[in-house]
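Participant: I am attaching a structure below and will ask some questions about it afterwards.
The values are calculated or read from the model by the stated rules, or taken from the named source; none is laboratory data. This one's a predicted model, so the numbers in the text were calculated from it and none came from an experiment. No Cβ is skipped: glycine too gets one built from the backbone with ideal geometry, and neighbour counts run over all protein chains shown. All accessible areas refer to the heavy atoms of the entire protein, side chains included, with ligands and DNA or RNA removed. Shrake-Rupley method; radii C 1.70, N 1.55, O 1.52, S 1.80 Å.
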Amino acid sequence: MERECPSHIGKYTNIRYLAEGGMGAVYLAKDPVLKHDVVIKQLKFGRKESKERFKKEISIMNKLTNDYIVRSFEFMEEVDERTGRKKEYFVLEYVDGMSLEKLMEKDKLLPLNVSMLIFHDACMGLHYAHNRDIVHRDIKPANILISKRTPVKIADFGIAGIDKEPEEEKKKEDNGKGGNKHDSIYGGNMTIFGSTMGTLSFMAPEQMVNAALVTKRADIYSMGITLYQMIYAKKPYDNKRSLAEQKEMLKKMGCIKPPKTNGKEKIPFSIRCMIRKMTKFYAKKRYKNLTRVIEITRKYLAQFEISDIKKQLAMSMQRYPDRPYKYAEIPLKNRTPKIVALVVLGVALLAGLITFAWKEGYIHKTILRHWYTPVTINLKMPETKSVKADLPARVFFYYNDNDKLPDVPGSQRDFSVSKNQDKDKGSTIVSIKPVYLKHGDYRIKIAAGPSVWWTDVQVTHDELKLDLDYLKGERRNIKIHATALDDETGKDISDICSCKIQTDKGLEDLWTINPNSLKTGEVYKIYIKSNGYQDEYFSLLIDWYQDELYINARMKKLDKTDGAEK
């Protein structure tokens, strides 16, 4: 006989009876505004304090808006249209599917990847609540709901509490304010012993003493037991003992020790270790939060395509809701392209490292030092006085075969200013990075500015260091070419100009001066003058390797007024 239902409860219509809960009827209804289904649970309270407590808890739960948590909408009081009595209701999000408990009853042993996916999503919802200081206190398969579209949600926060340090709760208990017996808006197979709340098979040891003392680590314990049941299709222990006996048994066990296999699959060591740590008897030895648990779970799930797991779970829920489903084996991800890419990258990095080490000589001076000898050259040359002067100075190494002189591959070096400078004023020391050569005869060419120097060397096992100073006092004759042009016409007017250069003897005529008297490495001042034109003046630094100077002076005519004044 179909049970008679109210025509409406508050604003909700299309009322259909679903089941009888521990505290009253459970209905499926329609929200006329949002056009979606909701679950309405009738509540029965024995005392006024219980109702006020639930109102407070519902207020807390309304703040939990997360995809992995069943949303609670409102608490309302409604007058029964038949009896005229006031009734209390709790409105929840409707999850079209089944609980994890029903799924396990139907399919018995779930594949490990399916279990880990459900476990991951449940941990995500619980982690969200924990981060807001909400402790569920009744985690179990019956309170984990799976939609036909496979989202997993945690339900029944009916005995949830605020996460507090045990010491704070102990103080309250010592002051005569210990937790009273709670009622649950969900009922079911909840076990309540005085101030102890939860379901015994999944209850943390500290929760068996007083539920008010538990922290988020109690939920972590319950999640560990839930995962064990999913993986092994059984609970790790029965609850046919008294509360005291069960707690003593758990203390002796220390933690739950999962077997290496469930008879169908091998359980990875990381997952077994995770369950052991989650179910430690002493709360402080468990994970302090679910962050690490989620990391381990994701690492395992990364081997599979999550969409493939969800398809299998959806098939079980939608096509086989009333009988066992035979899950298809889900292959591991094809990691070959990724592995190949990593290998190629590794080889490229290794090759680059070896090439760098080879060029920099690290391999030669370590592994190959017995066969290769370092050759270094320090060259003393006149100081370069020009700002940012770029004097090309290079060294080339050749095999000395007294014939074709083939060059030594990769041996060319540029000289750079050495950090070790002596005190000789006017000199600069430049050096090269070591060149590693096999034992034998070589010919060396050094090209520095306009100078080229050759020498023969013999390389043996002992390090070869050449200190050269053949350019130390280098000074060269300088040739100066001066031309004067009319700035307006561009006409050469050198023949009507005088060109003077400042020397030790004073101003001398540039056109008639002895060419051998001008040397490189000096600063020269040159004056060009002509009647009717402005004077041009040049002050030039001639470095040691610059032996020819060209001056092109553009002469500007004087204004007539300027000339008159002069």
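Participant: Scan the range 513-566 for residues that are exposed (fewer than 13 other Cβ atoms within 10 Å of the Cβ), of a type in the set (Ser, Thr, Tyr) and modelled with pLDDT of 90 or more and jot them down.
Facilitator: Tyr537, Ser539, Tyr550
Participant: Answer yes or no as to whether Lys280 is among the basic types (Lys, Arg), surrounded by 13 or more Cβ atoms within 10 Å (Cβ to Cβ), at pLDDT 95 or above and farther than 22 Å from Asn113 by Cβ. Reasoning before the result, please.
Facilitator: Details: among the basic types (Lys, Arg): yes; surrounded by 13 or more Cβ atoms within 10 Å (Cβ to Cβ): yes; at pLDDT 95 or above: yes; farther than 22 Å from Asn113 by Cβ: yes.
The answer is yes for Lys280.
Participant: Of all residues in the range 233-262, how many are out of contact with any strand residue (DSSP E or B) (no Cβ under 9 Å at 6 or more places or on another chain) and assigned to a helix (DSSP H, G or I)?
Facilitator: Qualifying residue count for the region: 10.
Participant: Right, another one. Quickly run through the range 509-527 and pick out the residues that are free of Cβ contacts under 8 Å to residues at least 40 places away in the same chain and among the charged types (D, E, K, R).
Facilitator: Asp509, Glu522, Lys525
Participant: Name, by its number, the condition in (1) of a type in the set (S, T, N, Q); (2) under 57 Å from the mean Cα position of the chain (by Cα); (3) at pLDDT 90 or above; (4) open to solvent by 80 Å² or more (accessible area, probe 1.4 Å) that does not hold for Thr460.
Facilitator: Against the list (1) of a type in the set (S, T, N, Q); (2) under 57 Å from the mean Cα position of the chain (by Cα); (3) at pLDDT 90 or above; (4) open to solvent by 80 Å² or more (accessible area, probe 1.4 Å), Thr460 comes up short only on (4).
Participant: Given Asp133, Asp138, which one is closer than 21 Å to Pro205 by Cα and surrounded by fewer than 19 Cβ atoms within 10 Å (Cβ to Cβ)? It would help to see each step written out before you state the result.
Facilitator: Values: Asp138 fails: surrounded by fewer than 19 Cβ atoms within 10 Å (Cβ to Cβ).
Only one candidate passes the filter, namely Asp133.
Participant: Residue check, Ala233 against (1) free of Cβ contacts under 8 Å to residues at least 60 places away in the same chain; (2) in contact with a Gly (Cβ under 9 Å, 6 or more places away or on another chain); (3) among the aliphatic types (A, V, I, L, M), all met but one. Which one?
Facilitator: (1)
Participant: Further question on the same structure: Quickly run through the range 8-58 and pick out the residues that are in contact with a strand residue (DSSP E or B) (Cβ under 8 Å, 6 or more places away or on another chain), among the charged types (D, E, K, R) and modelled with pLDDT of 85 or more.
Facilitator: Going residue by residue through the range 8-58, those that are in contact with a strand residue (DSSP E or B) (Cβ under 8 Å, 6 or more places away or on another chain) are 8-10, 12-21, 23-32, 36-45, 51, 54-55, 58.
Checking the rest, the ones that are also among the charged types (D, E, K, R) come to 16, 20, 30-31, 37, 41, 44, 51, 55.
Those that are in contact with a strand residue (DSSP E or B) (Cβ under 8 Å, 6 or more places away or on another chain), among the charged types (D, E, K, R) and modelled with pLDDT of 85 or more: Arg16, Lys30, Asp31, Asp37, Lys41.
Participant: Please state which one of Leu510, Leu471 is farther than 30 Å from Leu437 by Cα, modelled with pLDDT under 90 and crowded, with 16+ Cβ neighbours inside 10 Å. Lay out the reasoning, then the answer.
Facilitator: On the way: Leu471 fails: farther than 30 Å from Leu437 by Cα.
Step by step, each of Leu510, Leu471 is checked, and only Leu510 is farther than 30 Å from Leu437 by Cα, modelled with pLDDT under 90 and crowded, with 16+ Cβ neighbours inside 10 Å.
Participant: Has the range 406-427 got at least one residue that is open to solvent by 40 Å² or more (accessible area, probe 1.4 Å), assigned to a loop (DSSP other than H, G, I, E, B), touching a Phe, Trp or Tyr at 6+ places or on another chain (Cβ under 6 Å) and over 28 Å from Val523 (Cβ atoms)?
Facilitator: Yes: the range 406-427 contains one or more residues that are open to solvent by 40 Å² or more (accessible area, probe 1.4 Å), assigned to a loop (DSSP other than H, G, I, E, B), touching a Phe, Trp or Tyr at 6+ places or on another chain (Cβ under 6 Å) and over 28 Å from Val523 (Cβ atoms).
Participant: Answer yes if at least one residue in the range 281-289 is touching a Pro at 6+ places or on another chain (Cβ under 9 Å), under 24 Å from Ala129 (Cβ atoms) and outside any loop (DSSP other than H, G, I, E, B), and no otherwise.
Facilitator: yes
Participant: From the set of residues in the range 437-457 that are hydroxyl-bearing (Ser, Thr, Tyr) and at pLDDT below 95, which is most open to solvent (accessible area, probe 1.4 Å)?
Facilitator: Out of the qualifying residues, it is Thr455.
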